[in-house]
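**Q** Quick one: this structure, given as structure tokens, is what I'll be asking you about.
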Amino acid sequence: MTAPPNSPKADKTRSNIVRAAEKLFAEKGFRPMTLRDVTREAHVNLAAVNYHFGSKRKLMLAVIRNRFEPINVERLARLDALIAAHAPKPIPVDAIFAALFGPLFESASTEDGPDRALMQMIGRAITEPADFMRSMHKEFFSELSQRFMNELKRSCPQLSEEALQYRFFFAINTMLGTIIEQVRLENISGGKLDATDFEKLVEQLTHFAVAGFTQTDATT
């Protein structure tokens, strides 16, 4: 007999399924992962997965929401606070990027060190098929991207729409590459820089992004 959807038992089953799917997605990616893999990892039957999620795609939506929605909520809260603090003037560009970058790196930092599962998930997501990523981005990041772009437009009136879009794309990809490839920092620096110092990473990443957005648009 299936537990009522809001019962503690149902909540525990749902949580177990999400955690199992997150682990498998990080290890295998979306395409190779099957619902039967999830049932074995979560120690539930296929009926339980279908009952709570209905499909593999809906299960992955729940996984992404579980991990990234709190980060995005914090990003937007910080952006709203900046808008209120600086109104009616534009927000300084460094503050915009600190609000965008900070919550992700803070989420990836735990008492036991970097959250490798989160980093693996980001790495897997980058390499997933375009149709999968397009739907995920529309679901979870379209509004976020537009909100930050709106403020960057106000803060960088010297840049064309095209330049803003390109540079925002570069900034986002630099952020993602930074969080999943810290070992490269240690290798490039010969071990002189601490790749787990996320506060320093955010500081330097912000400086890097700001430099790109304060350069004159060559097309204007």
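**Q** Run G123 past the list (1) within 20 Å of N66 (Cβ to Cβ); (2) open to solvent by 80 Å² or more (accessible area, probe 1.4 Å) and report the number of the one that doesn't hold.
**A** All conditions pass for G123, except number (2).
**Q** Give E69, E128, E74 a once-over and let me know the one that is under 15 Å from the mean Cα position of the chain (by Cα) and under 26 Å from G212 (Cα atoms).
**A** Details: E69 fails: under 26 Å from G212 (Cα atoms); E128 fails: under 26 Å from G212 (Cα atoms).
Exactly one residue qualifies, and that residue is E74.
**Q** Among the candidates Q158, Q215, Q204, which residue alone is of a type in the set (S, T, N, Q), touching a residue at least 12 places away in the same chain (Cβ under 8 Å) and on the phi < 0 side of the Ramachandran plot?
**A** Only one candidate passes the filter, namely Q158.
**Q** If I filter the range 170-220 down to residues being in a helix (DSSP H, G or I) and among the basic types (K, R), which single residue comes out as least open to solvent (accessible area, probe 1.4 Å)?
**A** Checked the range 170-220; the qualifying residue least open to solvent (accessible area, probe 1.4 Å) is K200.
**Q** Take the range 126-161 and flag every residue that is of a type in the set (A, V, I, L, M, F, W, C), open to solvent by 20 Å² or more (accessible area, probe 1.4 Å) and at pLDDT below 85.
**A** Across the range 126-161, the qualifying residues are I126, A130, M133, F140.
The values are calculated or read from the model by the stated rules, or taken from the named source; none is laboratory data. In this text, all values refer to a predicted model and were calculated from it rather than measured experimentally. Glycine also receives a Cβ, built like all others from the backbone with ideal geometry; neighbour counts cover every protein chain displayed. These area figures cover heavy atoms from the full protein model, side chains too; ligands, DNA and RNA do not enter into them. Shrake-Rupley method; radii C 1.70, N 1.55, O 1.52, S 1.80 Å.
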